[in-house]
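Peer 1: The structure under discussion is supplied below as structure tokens; questions concerning it will follow.
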Amino acid sequence: MGKHFTLDQIPDMTGKVCIVTGGNTGIGKACAFAFAKKNAHIIIASRTPSKALAVVEEIKTETKNELVEFIQLDLLSLASVTKFASEFKAKKLPLHVLLNNAGVMACPFALSEDGYESQFATNHLAHFYLTMQLLPVLEESQPSRVVNVSSWGHNTIYFHGLDLETMNDEAKYTDFISYGRSKAANILFTRELSQRLEQKGVKGVYVNSCHPGTVNSDLMRHSNSIISSIVKAFMISTEDGAITQMYLATSPEIEAQDIRGQYYVPFAVPGSVGRHSMSQENQTKLWDFSEKILHEKVPGYEGAGI
């Protein structure tokens, strides 16, 4: 397949501040490296300090870019998201790119610290909250971008719908369907946020989502050996997996062509979205559901304000 964009085409990012969730491993690490090579100021947001700090030093050594930092973020804890946002805001930095990259896939049933199914909590809810916390900074830093990393796997809910009300019921849990719900949520959130920003008159925050491809990373660690062996034949490298999200995060085409609220696939081309993930009803339902959780679980949460 031809590539509409390559990592070599990333423009100079001097003066740009970029947050990468899950930037210590897999595609996130490849993205952090790509940003650093183009002189961006990177914040790696991940859970384990020892792993993240090792990657920070690796990036600094290899790229000679000293503007690489780590702030701890555990996406299974809304309190951790609150703490991360506070620590970032305390730095008084602008924010030009929020790359909501981190995720889990098809893992055994578990609940987050706040009592929600772990894939939904990690892949959608924490990133929704993080984006809401940082949205004022993104607006102040226009032009800026939000990239939500989804997946072709959003199609696994084709015959099920979102089923938000039953997702915490272990008896009804199916690992790949739950993964698909969380990835559909990434697309629905992207579309709804983009619409709300437009209605507010905010023109310079570009929100898009993508499927990075089937990537050879540790995201597959919970898949059974048969599925893994079949899929492995079609896997691409983490660097190629980074291409589509880095296109949405950095390419001048996004602003020039007014690309917003869209879903892109490898390599940096528009993709088709499953019917459940392009439903206005589902967009609004998910937004309201997410806001309701935050009002219940986050002390003093005042709402998205958009």
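Peer 1: Just to compare against my own numbers: the Cα pair-distance distribution for the chain, 20 Å bins, whole % per bin, please.
Peer 2: Result, from short to long distances: 36, 61, 3 percent.
Peer 1: Another question about this same structure. Where a Cα-Cα gap under 29 Å defines reach, which lysines qualify for Lys60, not counting those fewer than 8 residues away within the same chain?
Peer 2: Answer for Lys60, where 29 Å is the Cα cut-off: Lys3, Lys16, Lys29, Lys37, Lys38, Lys51, Lys83, Lys89, Lys91, Lys92, listed by chain and number.
Peer 1: If you don't mind, there's one more thing I want to ask. Neighbour counts of other C-beta atoms within 10 Å: give me Arg275, Arg191, Arg47 arranged from fewest to most.
Peer 2: Final ranking by Cβ density, sparse to dense: Arg275, Arg47, Arg191.
Peer 1: Another question, then. Summing -39500 (n - 2.57) over the DSSP H runs of n ≥ 4 in the chain and dividing by its residue number, what mean residue ellipticity at 222 nm do you reach, to the nearest 500 deg cm²/dmol? Walk me through the numbers on the way to the answer.
Peer 2: Values: 9 runs with 125 residues, N = 306.
Computed mean residue ellipticity for the chain: -13000 deg cm²/dmol.
Peer 1: Local charge sum around Arg191 (other residues, Cβ-Cβ under 14 Å, Lys/Arg +1, Asp/Glu -1)?
Peer 2: With Lys, Arg at +1 and Asp, Glu at -1, the net is +2.
Peer 1: Mind ranking 169-176, 277-284 by how tightly packed they are, going by the mean number of other C-beta atoms within 10 angstrom, highest first?
Peer 2: Descending packing order for the listed peptides: 277-284, 169-176.
Peer 1: Once a ≥ b ≥ c are taken as the square roots of the eigenvalues of the Cα gyration tensor of segment 16-94, is the result rounded (a/c under 1.5), prolate (a/b larger than b/c) or oblate (a/b not larger than b/c)?
Peer 2: Since a/c reaches 1.5 but b/c is at least a/b, the shape of segment 16-94 is classed as oblate.
Peer 1: A further question on this structure: Please give me the summed charge of the neighbours of Ile43: other residues whose Cβ is under 11 Å from its Cβ, Lys and Arg +1, Asp and Glu -1.
Peer 2: -1
Peer 1: Expressed in nm to one decimal, what extension gain is obtained for the pair Gln280 and His160 from 0.36 nm per residue of sequence separation less their Cα-Cα distance?
Peer 2: Working: separation 120, 0.36 × 120 = 43.20 nm, distance 1.69 nm.
Between Gln280 and His160, full extension yields 41.5 nm more.
Taken together, the values in this text are just the output of simple stated rules run on the coordinates, not laboratory data. What you see is a predicted model, and the numbers here were worked out from it, not measured in a lab. Neighbour counts run over all protein chains shown; Cβ positions are idealised from the backbone, glycine included.
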